[in-house]
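Handing you this structure, nothing more for now.
The values are calculated or read from the model by the stated rules, or taken from the named source; none is laboratory data. Quick caveat, the model's predicted, so the values are computed rather than measured. Glycine gets a Cβ as well: all are built from the backbone with ideal geometry, and neighbour counts include every protein chain shown.
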Amino acid sequence: MKLTASSPIGIFDSGIGGLTVVKSVMKSLPGEDIIYFGDTARVPYGIKSSETVKEYSLQITDFLLKKKVKAILIACNTVAASCKNEIVAKAGNVPVLDVVTAGSKAAAAIVKKENLIGVIGTLATVGSAAYENAIKKIDPSVSVYSKACPMLVPLAEEGWIDNEIAVKTIELYLNDFRQKPLDALILGCTHYPLFKDSISSFFNNPDMKIIDSADSIAEMTKELLSSKNLLNKSEKGLFNCYVSDKPQRFQALAERFLGQSINRVEVVNMR
Ligand code: DGL
């Protein structure tokens, strides 16, 4: 496929969570057009098998390729952990970036004293050991301690991010992390950055950096596009959103999260 500077960037997630990546990309690459797909009919992915996640993800990749994107950003950790290679193969010459690689890079770059990184994510992400493998590829001497925190996704969807249930859930999941001298904790799920403040006050440890991969993938995208001469120099890019169900709810949440009104969210039937 011919890639041009004026082509859009495609970003996708199982639902709304990938908007954290959209926000960072809008900030560091304001001239880029963005096409976002949120699979709202089939979220959550984190409790599904890798075969199912792969099937859904390849359908979305197809959709984005038909929109002639110049890069695909996998904003969903579960997708990145389950089937990145298959997406890369399908995308051909369209470059694919993902949040697991981005988060691992950011964490490995700051590890210093203890050489220990913590990772939290969905059952699928933690079960795949994707973060561990990606971090060890960058620096084999780093140790990784991971744990799945599946309840945090429905809590985030409900908006319960700092009430007593959220605080108690964080405590139950993360208690054993507190005994470990972590240099960094990766929030390896699109929904977890919403708990950043609660997690940070739970640890109350200024020596431990909390990493969410959204900023990191945005920076990687900028470097990639500029190295390929594909940066869009226009003043303000367009943002178009597609979902597989319930566009009105998505639109309201997205506008609140991005702090701006957006074009009408369109429904695409993936079945
Ligand atoms: N987007 C998923 C992830 O980052 C979380 C939500 C889900 O389970 O689909 O792993």
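Scan region 148-162 for residues that are surrounded by fewer than 19 Cβ atoms within 10 Å (Cβ to Cβ) and part of a helix (DSSP H, G or I) and report the count.
Matching residues across region 148-162 total 2.
Could you check region 182-233 and list, in sequence order, the residues that are exposed (fewer than 13 other Cβ atoms within 10 Å of the Cβ) and assigned to a loop (DSSP other than H, G, I, E, B)? Walk me through it before giving the result.
Filtering region 182-233 down to residues exposed (fewer than 13 other Cβ atoms within 10 Å of the Cβ) leaves 197, 201, 204, 206-207, 223, 226-227, 229, 233.
204, 206, 207, 229, 233, listed by residue number.
Within region 21-32, can one find any residue that is touching a strand residue (DSSP E or B) at 6+ places or on another chain (Cβ under 8 Å), assigned to a loop (DSSP other than H, G, I, E, B) and under 20 Å from residue 102 (Cα atoms)? Lay out the reasoning, then the answer.
Applying the first criterion (touching a strand residue (DSSP E or B) at 6+ places or on another chain (Cβ under 8 Å)) to region 21-32 yields 21-22, 25-26, 29, 32.
Next, from what is left, pick out any that are assigned to a loop (DSSP other than H, G, I, E, B): 29, 32.
Narrowing the set further to residues that are under 20 Å from residue 102 (Cα atoms) leaves 29, 32.
Scanning region 21-32, I find at least one residue that is touching a strand residue (DSSP E or B) at 6+ places or on another chain (Cβ under 8 Å), assigned to a loop (DSSP other than H, G, I, E, B) and under 20 Å from residue 102 (Cα atoms), so the answer is yes.
Take region 98-112 and flag every residue that is in contact with a strand residue (DSSP E or B) (Cβ under 7 Å, 6 or more places away or on another chain) and surrounded by fewer than 23 Cβ atoms within 10 Å (Cβ to Cβ).
106, 110, 111
May I ask you to say which residue of 91, 129 is of a type in the set (A, V, I, L, M), at pLDDT 95 or above, at positive phi and away from the ligand (no atom under 11 Å from the Cβ)? Can you show your working first?
Numbers: 91 fails: at positive phi.
The conditions single out 129.
Considering only region 244-257, state which residues are within 16 Å of residue 21 (Cα to Cα) and buried (at least 16 other Cβ atoms within 10 Å of the Cβ). Spell out the reasoning first.
Step one: list which residues in region 244-257 are within 16 Å of residue 21 (Cα to Cα), which gives 250, 253-257.
Scanning region 244-257 gives 250, 253, 254.
I would also like to ask the following. From 85, 115, 93, which residue is surrounded by fewer than 18 Cβ atoms within 10 Å (Cβ to Cβ), closer than 29 Å to residue 33 by Cβ and in contact (Cβ under 8 Å) with a residue 60 or more places away in the chain? Full working, then the answer.
Details: 85 fails: in contact (Cβ under 8 Å) with a residue 60 or more places away in the chain; 115 fails: closer than 29 Å to residue 33 by Cβ.
Exactly one of 85, 115, 93 is surrounded by fewer than 18 Cβ atoms within 10 Å (Cβ to Cβ), closer than 29 Å to residue 33 by Cβ and in contact (Cβ under 8 Å) with a residue 60 or more places away in the chain, namely 93.
Looking only at region 1-17, which residues are part of a loop (DSSP other than H, G, I, E, B) and at pLDDT 95 or above? Break it down into steps so the answer makes sense when it comes.
First pass over region 1-17, keeping only residues part of a loop (DSSP other than H, G, I, E, B): 1-8, 14-17.
4, 5, 6, 7, 8, 14, listed by residue number.
Right, another one. Can you name the residue in region 44-57 that is within 17 Å of the chain's Cα centre (by Cα), under 13 Å from residue 87 (Cα atoms) and of a type outside the set (S, T, N, Q) and, of all such residues, is farthest from the ligand (Cβ to nearest atom)?
Of everything passing the filter in region 44-57, 54 is farthest from the ligand (Cβ to nearest atom).
Can you find, within region 234-271, the residue that is modelled with the lowest pLDDT among those that are among the hydrophobic types (A, V, I, L, M, F, W, C), within 17 Å of residue 15 (Cβ to Cβ) and assigned to a loop (DSSP other than H, G, I, E, B)?
That would be 270.
Considering each residue of region 132-165, count those that are among the small types (Gly, Ala, Ser) and more than 16 Å from the ligand (Cβ to nearest atom), and give that number.
Of the residues in region 132-165, 2 are among the small types (Gly, Ala, Ser) and more than 16 Å from the ligand (Cβ to nearest atom).
Within region 22-43, track down each residue that is of a type in the set (Lys, Arg) and more than 13 Å from the ligand (Cβ to nearest atom).
Passing the criteria: 23, 27.
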